[in-house]
Amino acid sequence: MVADWQLANVLDMLASISSPQHTIVVNEGASTSHQHHRIRWQPPTLGRYKCNIDAAFSSHRNRTSISICVRDLEGTFALAKAITFSCTVSVDVGETLGLHSALQWLRDMQFDNVNFETDSKLTTDTFLSTRNDLYEFGCIISSCRSLFRNFVSNFRVEFVRRQANEVAHALAREAVSLVSPAVYYDIPTCIETLIINEML
């Protein structure tokens with residue numbers, strides 16, 4: 001996690017230096033960098049859905065929760081699901097369980113043309129690689145690949161920064177207190193403001 005955080009900050013700095021929106025403001029001989037854009041959720045292309053996934057962990061409640069939120073090209077809420085497990089797992093395993101749950105659920109719902117976004121770079125990179133291992137994380141990744149190959153058509157798995165995954169993050173934190181899975185056909189109140197702001 002620390003390595004991912006450090007890499008993300010280095011990439012942000014490099015992007016801001018090479019960005020045409022990057023400006024240097026000179027004030028009394030000192031130069032200060034200002035970046036005029038921030039990372040935001042981006043809608044999918046025409047004819048596709050975007051599914052954001054995140055996991056949250058509560059050692060106090062001994063729970064791991066997963067959130068899945070689907071939106072269309074306008075950013076309009078389509079549906080969401082929250083799942084809670086009565087145990088705590090590692091961050092990597094939790095994030096990968098999120099991807100597996102999302103792939104399985106949207107396959108069962110007969111969705112097509114979906115971009116799956118997670119803010120776990122390790123999950124995305126390992127899923128897209130050919131690396132295999134026998135540990136818990138690797139077994140879940142293998143199951144994700146199997147779902148992807150055998151049941152899913154025209155789906156993509158992509159990494160996204162946490163700032164662009166705020167809706168899924170907020171729903172996952174809220175889901176820690178659930179006692180059973182919940183499917184939402186209307187926007188849950190805990191993410192309503194976030195979704196409206198991202199549509200503006």
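The values are calculated or read from the model by the stated rules, or taken from the named source; none is laboratory data. Keep in mind it's a predicted model, so treat the numbers as computed, not measured. FYI the Cβ positions are ideal-geometry reconstructions off the backbone, even for glycines, and counts take in every protein chain you see.
Some values worked out for this structure:
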item: One residue from 54, 119, 72 being farther than 16 Å from residue 173 by Cα, of a type in the set (D, E, K, R) and either surrounded by 15 or more Cβ atoms within 10 Å (Cβ to Cβ) or over 15 Å from the mean Cα position of the chain (by Cα) (or both); result: 72
item: Boolean, residue 125 is closer than 12 Å to residue 53 by Cα, in the same structural domain as residue 81 (by TED's automatic domain parsing) and in contact with a Phe, Trp or Tyr (Cβ under 8 Å, 6 or more places away or on another chain); result: no
item: Residue check for residue 39: at negative phi, at pLDDT 95 or above and within 22 Å of the chain's Cα centre (by Cα); result: no
item: Residue that is surrounded by 16 or more Cβ atoms within 10 Å (Cβ to Cβ), under 15 Å from residue 182 (Cα atoms), at pLDDT 95 or above and in the same structural domain as residue 147 (by TED's automatic domain parsing), where the choices are 94, 98; result: 98
item: Conditions (1) touching a Lys or Arg at 6+ places or on another chain (Cβ under 6 Å); (2) farther than 19 Å from residue 92 by Cβ; number of the one not met by residue 119; result: (2)
